[in-house]
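To start, the structure under review is shown below, and the notes come after it.
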Amino acid sequence: MTYTIEEIAKALGATALGDISMTIDRAAEPAMAGPRDLALAMNPKYAESLALGTARAAMLWEGADWQSLGLDAAILVSRPRFAMAGLTRMIDPGQGFAAGIHPSACVDPDAELADDVSVGPLAVISKGARIGAGSVIGPQCFVGWNAQIGPNAYLREAVSIGARVRIGANFIGQPGARIGGDGFSFVTAESSTVEAARKSLGDQGDAVAQPWTRIHSLGGVRIGDDVEIGMGATIDCGTIRDTVVGDGTKLDNLVHLGHNVVIGQNCLICGQVGIAGSAVIGNNVVLGGQCGVNDNIFIGDGVIAGGGTKLMSNVPAGRTMLGYPATQMDKQVELYKSQRRLPRLLREVAELRKAVFKTGKDD
Amino acid sequence: MTYTIEEIAKALGATALGDISMTIDRAAEPAMAGPRDLALAMNPKYAESLALGTARAAMLWEGADWQSLGLDAAILVSRPRFAMAGLTRMIDPGQGFAAGIHPSACVDPDAELADDVSVGPLAVISKGARIGAGSVIGPQCFVGWNAQIGPNAYLREAVSIGARVRIGANFIGQPGARIGGDGFSFVTAESSTVEAARKSLGDQGDAVAQPWTRIHSLGGVRIGDDVEIGMGATIDCGTIRDTVVGDGTKLDNLVHLGHNVVIGQNCLICGQVGIAGSAVIGNNVVLGGQCGVNDNIFIGDGVIAGGGTKLMSNVPAGRTMLGYPATQMDKQVELYKSQRRLPRLLREVAELRKAVFKTGKDD
Amino acid sequence: MTYTIEEIAKALGATALGDISMTIDRAAEPAMAGPRDLALAMNPKYAESLALGTARAAMLWEGADWQSLGLDAAILVSRPRFAMAGLTRMIDPGQGFAAGIHPSACVDPDAELADDVSVGPLAVISKGARIGAGSVIGPQCFVGWNAQIGPNAYLREAVSIGARVRIGANFIGQPGARIGGDGFSFVTAESSTVEAARKSLGDQGDAVAQPWTRIHSLGGVRIGDDVEIGMGATIDCGTIRDTVVGDGTKLDNLVHLGHNVVIGQNCLICGQVGIAGSAVIGNNVVLGGQCGVNDNIFIGDGVIAGGGTKLMSNVPAGRTMLGYPATQMDKQVELYKSQRRLPRLLREVAELRKAVFKTGKDD
């Protein structure tokens, strides 16, 4: 594919300048850009590196003096990262999956596929599954019994969707995403050591170790519109009701959602985050990589948590959190600074005790 | 499927009251329950929400005055979560996998399958593999060379079992569970920077960076009876002997077991826990989500660790642990509280120093 | 396969003693070794356990008095773990994958496979893919559009390689490794709450919650020679340029590399480590299990981080780090010790305040 400068600028609602009929093949970083690339230099600090490449056209910051940079054409944008979204969507070459249903796919005769659904090689579509118009089911994917996938889904290779999963429109599943496993829910015949330790904050009391009996997951997973699930991420079915992921929410690679979890709309759940069973997450929540959320707690709308934060109890809406255990970010940063002074503090207190109480090194 | 109130109560060893011949189709939360659902309200706090739904039958706590709740039938249970195990097992609709060997599956003629084993579409069973009676091998599963799976296994879609893996009876594998990869074991020709840093607790000394040479895994994985492995969980083969998972132990999604790890019986290993090579875990151990266990350490019977705990050294039997580094839970909670007072403590010590030593703000 | 003591010693460059024509079938731990096993007892502390087994031959430490241990033959080695690498490579029975292209595999006619490439059952090789001589593509693997894999690759079952991925020689992919998903990169139309919180270290200011728009990944993944990727590990494509993994680097199970990450040569990245987008990792870096690396930071050559360390900001070359947030290991260990004294310190300061200021328990 090739694109003219004019086409791209128009698609982004941006300003095209110079030889706007010039065609480009792809985007490139300024220093690596050749004469048929669109160099991406949307910040003045990248201007110099344009000279290291041989780009004739570039996407630049608003107000850039593009001609002095030796370019023949330019696109000026006001919010660079947002312009990147439009540009990359336009020129994404994709994965090259073929249209139609590959002859090696196993599509149950009782599955309902809209006319233009494509199914890759060695995919399995089970009985009763329903897949909306325009959806792409990638190679080696699995769609389970009665599972529903809305229109315009794009499943990369090896995604699996179990029974009782319902997914809205415009879903994206990255390779190996796993939706609809059974919840991790086990119980002992008599009260367990874990129940005792939870009640007492640590004391297992007289509880006796016992084998675990399984609670089956009768619920499913309900996923809204415009959701994306990363590589190897896992979402468990609910026990009685469904596990829920709201519209516009995105899960990164290797994220784990336990049974009965409810996540609101437009959340970003970064790589390797784990959310334990029955936790409820509001709208517009952002959890940095490797965060953890305890079971049965509530995280309010708009909460943001830095990487590695372990949310152990309810968090009110709007808070920005950090650390293990999670603390408000400003207090946590103050705490980290205080901790670094702790070894000296111990020495100072020993000196004070000596001066005040005339003691030596204490016991 | 439908079930009578009498049938369900009998299966649970519970008391059925009222119109015990009434049939229900499924279980539901009280507020969402319709007239053909069994509402689950096993705690008095859920009694009110029964009125929001239209259930005619409910599972209730022992001693509940079911008639005053407007129900036609009720099942009274003494330990609600344990009753949930029996109920959900009874009415689980499952995944709808078909019986028999799907014609698209690749089953090596040298594999030994008991007569009633079912194998899903596009599954691979390798030469020498042995699969016990009543086992279900789901769609797109892989069973490797000479691997053994006991009777009554249930493998969901896309589970893989490598060579030299032996699994006992009643195994459950969730989608994408991975058993029998090679261990992560590498060595340098001369002593490495890591060896130096471990010995000195941080000083890499004169050790020189070198390339890594692979130690192959000649051992396998040995899994007992009644084990369940979660979605995307990974278990490495041992180096010389086997990696071992004991009877009754359950691993949640995305758990990682390194090579040579030995886990005892009836452990619960929650989501995203990582257990490094050659660690030994006792019986009845419960590790909360995202716990980590250092390589080559020992965790005693009955240890419980809260979410995110990093177990860096041996832990005696019976301890309840929390934090990074892991500390006994009661001490860790006291420590967290103390830490929050640290900024004020710094100010207080500065005041004391000023008063006692007549110093200003110290250097 | 059987091996003589002489053959093994020769392959390891080690000393063979006694009946060097004796043949063994496999290696075993001393206590479990039978008469046709090579017992591995390369440390004097394992000498005693030789008596518990019935080995006639053993691999021993340099200078061992092998005859007094009742053996008929011995191999003496100077660096045991390095000898293990050579021994285990020599006698690894492997996975038993068949040579040739399995008839159930879907190999696109436009893919280029060197003559001796083997492809397992139900694998998919897409159009334009190129696979080097001697490579083994395991059962149910996926190789995407135009993807390149160098010579002598060994892909275990269910590995997936997306479009725009280029891999060097001698690659090893463990089961379910996922390479070439799209990066997790989203932007809002106006400045977001996350941007505000990052600038202010916690204050979300007046930023308004908005839906997320996707930035597509146009870049690929470039992997050097001699790289190994663990089970379920995930590597995202870059946004414009490639995500890069250098020669000789090894990734353990469930590791996550975000978009644009660059990792140098000969690094060891242990289980469940997460490296966020655009982080740059030097050469010979070792990250213990469950470490996290923030986005857009730099980790210098030779850095070693203990298990669970969260690297939140740049780390100069050669440092050994521990903790959350990451601190130099020796300082972190001192800090942990100080923390344990904190509850007592609080009491001591209260006493001092009482003595000096004549106050009671403070407010």
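Within chain B, which is the longest segment containing none of the trypsin sites (Lys or Arg not before Pro) that sit in a DSSP loop and have at most 11 other Cβ atoms within 10 Å? Here the longest segment lacking exposed loop sites spans B:1-357.
With a cut-off of 10 Å between beta carbons, the residues surrounding C:ALA85 carry a summed charge of +4, where Lys and Arg count +1 and Asp and Glu -1. Short-range pairs are left out: with C-alpha atoms under 8 Å and at least six residues apart, the relative contact order of the stretch A:241-305 is 27 percent.
Remark: the stretch A:3-91 carries a charge dipole of roughly 300 debye about the Cα centre, counting +1 on each Lys and Arg Cβ and -1 on each Asp and Glu Cβ.
For the stretch B:270-363, the share of DSSP beta bridges that are antiparallel, to the nearest 5, is 15%.
If a/c stays under 1.5 just call it rounded; otherwise compare a/b with b/c (prolate if a/b is bigger, oblate if not). Do that for the protein assembly as shown, with a ≥ b ≥ c from the square roots of the Cα gyration tensor eigenvalues. Here the protein assembly as shown falls in the rounded category.
Placing +1 on the Cβ of every Lys and Arg and -1 on the Cβ of every Asp and Glu, with nothing else charged, gives the protein assembly as shown a dipole about its Cα centre of roughly 3840 debye.
Within 10 Å of each Cβ in peptide A:5-13, how many partner chain Cβ atoms are there on average? Round it to a whole number, please.
The mean count of partner-chain Cβ atoms within 10 Å per residue comes to 0.
Since only B:VAL227, B:PRO44, B:TRP212 are under comparison, the one whose Cα sits farthest along the positive direction of the charge dipole of chain B, derived from C-beta charges on Lys, Arg, Asp and Glu, is B:TRP212. Rolled with a 1.4 Å probe across the full set of protein chains, the surface gives A:CYS267 an accessible area near 0 Å². Positive-end ranking of A:ALA14, A:ALA58, A:THR88 along the dipole of the stretch A:3-91, with charges on Cβ about the Cα centre, is headed by A:THR88. Mean per-residue shielding of peptide A:196-204 is 5, counting Cβ atoms of other chains within 10 Å of each Cβ.
What the Cβ-Cβ distance of A:ALA99 and B:ARG89 gives, at R0 = 45 Å and to the nearest 0.05, is a FRET efficiency of 0.55. Placing pseudo-labels 7 Å out from each Cα toward the beta carbon at C:LYS331 and A:LEU335 gives an inter-label distance of 2.0 nm.
For the stretch A:30-129, which GluC sites (Glu not before Pro) pass both filters: DSSP loop (anything but H, G, I, E, B) and at most 15 other C-beta atoms within 10 Å? Within the stretch A:30-129, the qualifying GluC sites (Glu not before Pro) (loop, at most 15 other Cβ atoms within 10 Å) are A:GLU62. Between the stretch A:27-73 and the stretch C:265-280, the C-alpha centres lie 31 angstrom from each other.
Listed by chain and number, the aspartates and glutamates whose C-alpha is less than 12 Å from the C-alpha of B:LYS127, apart from same-chain residues fewer than 8 away, are B:ASP108, B:ASP110, B:GLU112. Entry note, chain B: the mean residue ellipticity at 222 nm calculated from DSSP H runs of n ≥ 4, each adding -39500 (n - 2.57), is -5000 deg cm²/dmol after division by the residues and rounding to the nearest 500.
With a sphere of radius 11 Å drawn around the Cβ of C:GLY134, what net charge do the other residues whose Cβ falls strictly inside it have (Lys, Arg +1; Asp, Glu -1)? Please list the in-between numbers first.
On the way: positive: none; negative: C:ASP115, C:ASP116.
Summing Lys and Arg as +1 and Asp and Glu as -1 gives -2.
What net charge do the residues around C:ASP252 carry, taking every other residue with its C-beta under 10 Å from that of C:ASP252, with Lys and Arg at +1 and Asp and Glu at -1?
Working: positive: C:LYS250; negative: B:ASP236, C:GLU228.
Taking every other residue near C:ASP252 into account, the sum is -1.
Remark: the protein assembly as shown carries 38 Å² of accessible area per residue (probe radius 1.4 Å; ligands, DNA and RNA excluded). Averaged over the residues of peptide C:153-160, the number of Cβ atoms from other protein chains lying within 10 Å of each residue's Cβ is 6. Using the Cβ-Cβ distance between C:ARG344 and C:ALA11 with R0 = 56 Å, the FRET efficiency computed as 1/(1 + (r/R0)^6) comes to roughly 0.40. Taking the 1.4 Å solvent-accessible surface of chain B as the whole, the part contributed by carbon and sulfur is 51%. Taking the DSSP beta bridges with both ends in chain B, the antiparallel portion is around 15 percent. Let a ≥ b ≥ c be the square roots of the eigenvalues of the Cα gyration tensor of the stretch C:23-96; is it rounded (a/c under 1.5), or, if not, prolate (a/b larger than b/c) or oblate? Because a/c hits 1.5 or more and a/b fails to exceed b/c, the stretch C:23-96 counts as oblate.
Remark: accessible surface ordering of C:SER135, C:SER104 (largest first) is C:SER104, C:SER135, probe radius 1.4 Å. Give the residue from A:CYS270, B:LEU254, B:ILE137 lying farthest towards the positive end of the charge dipole for the protein assembly as shown; charges sit on Cβ (+1 for Lys and Arg, -1 for Asp and Glu) and the dipole is referred to the Cα centre. Positive-end residue among those listed: A:CYS270. Solvent-accessible area of A:VAL208, all protein chains in place: 100 Å² (probe radius 1.4 Å, heavy atoms, ligands and nucleic acids excluded). With the whole protein complex present, C:MET84 retains an accessible surface near 20 Å², based on a 1.4 Å probe. If R0 is 22 Å, the Cβ-Cβ spacing of B:ALA51 and A:ASN296 corresponds to a FRET efficiency of close to 0.35. When DSSP beta bridges are limited to those with both residues in the protein assembly as shown, what percentage is antiparallel, rounded to the nearest 5? Taking every DSSP beta bridge with both residues in the protein assembly as shown, the antiparallel ones total about 15 percent. Relative to the Cα centre, the charge distribution of the stretch A:197-272, modelled as +1 at Lys and Arg Cβ and -1 at Asp and Glu Cβ, gives a dipole magnitude of about 280 debye. Taking 22 Å as the straight-line reach from the Cα of A:LYS250, the lysines in range (excluding those fewer than 8 positions away in the same chain) are A:LYS310. Loop-located GluC sites (Glu not before Pro) across the stretch C:124-228 with a Cβ neighbour count of 11 or fewer within 10 Å are C:GLU190, with loop assigned by DSSP. Would you please classify the overall shape of chain B from the alpha carbon gyration tensor, given that a ≥ b ≥ c denote the square roots of the eigenvalues, rounded means a/c under 1.5, and beyond that prolate means a/b larger than b/c while oblate covers the rest? Oblate.
The values are calculated or read from the model by the stated rules, or taken from the named source; none is laboratory data. Predicted model only: the values in this text are computed from it and were never measured. Because the Cβ atoms are built from the backbone with ideal geometry, glycine has one as well, and the counts that use them run over all protein chains shown. Calculation scope for accessible area: heavy atoms of the full protein, side chains included, ligands and nucleic acids excluded. Shrake-Rupley method; radii C 1.70, N 1.55, O 1.52, S 1.80 Å.
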